[in-house]
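I have placed the structure first, in the form of structure tokens, so that the comments after it can refer back to it.
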Amino acid sequence: MTQDLENLINQSYNSEPKYTEVMAGVPEDYKLVKTLGDLLQINYKIVGAKEQLRRNLISKIKTNGIKYPGIIGFDDDVVPSLDRAILSCHDVILIGQIGQAKTRLHKQLQKICSRQYL
């Protein structure tokens, strides 16, 4: 049994994924995945949070989707800077005065990187 598991793990890490993504790091049939064995059988590849944000932002840009719902009035300064930081996979620190939508932006970034965005 241990050898079978080791072979499955090696195959998973050394093979192309057997799924398409509905968004970065999320297999099309993610609702059917219940165990580590399920992930190994589809050769799941882990996608880090920065790369998820980057890929999902690129997808939104390509489809002309709303990148940050609820963020109004920052299209000339904050949004382009945030886009550049995400696209380059940099760390993001939101600094500003009260009322500049820092918390709202943070909540939107969480949604971009989670299943809530599906």
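No lab work stands behind these numbers, since they all come straight from the coordinates. What you see is a predicted model; the values in this text were computed from it and never measured. A quick note on method: Cβ atoms are made from the backbone with ideal geometry, for glycine too, and the neighbour counts reach across all protein chains shown.
So for the stretch 19-118, if I pair up every lysine 8 or more residues apart or on another chain, how many of those pairs have alpha-carbons under 24 Å apart? Close lysine pairs found across the stretch 19-118: 25.
How long is the gain from residue 18 to residue 58 if the chain were fully straight, where each residue apart is worth 0.36 nm and the alpha carbon distance is subtracted? Walk me through the intermediate numbers first.
Numbers: separation 40, 0.36 × 40 = 14.40 nm, distance 2.28 nm.
Taking residue 18 through residue 58 to full extension adds about 12.1 nm, to one decimal.
Can you classify the chain as rounded, prolate or oblate using the Cα gyration tensor, where a ≥ b ≥ c are the square roots of its eigenvalues, rounded means a/c under 1.5, and otherwise it's prolate if a/b beats b/c and oblate if not? Prolate. Toward the positive end of the charge dipole of the chain, about the Cα centre and with charges on Cβ (Lys, Arg +1; Asp, Glu -1), which of 39, 27, 59 goes farthest? Projecting each Cα onto the dipole axis, the largest value belongs to 59.
Give me the tail of P(r) for the stretch 1-47 as a percent: Cα-Cα pairs with distance above 12 Å.
Details: 648 of 1081 pairs.
The share of Cα pairs beyond 12 Å in the stretch 1-47 comes to 60 percent.
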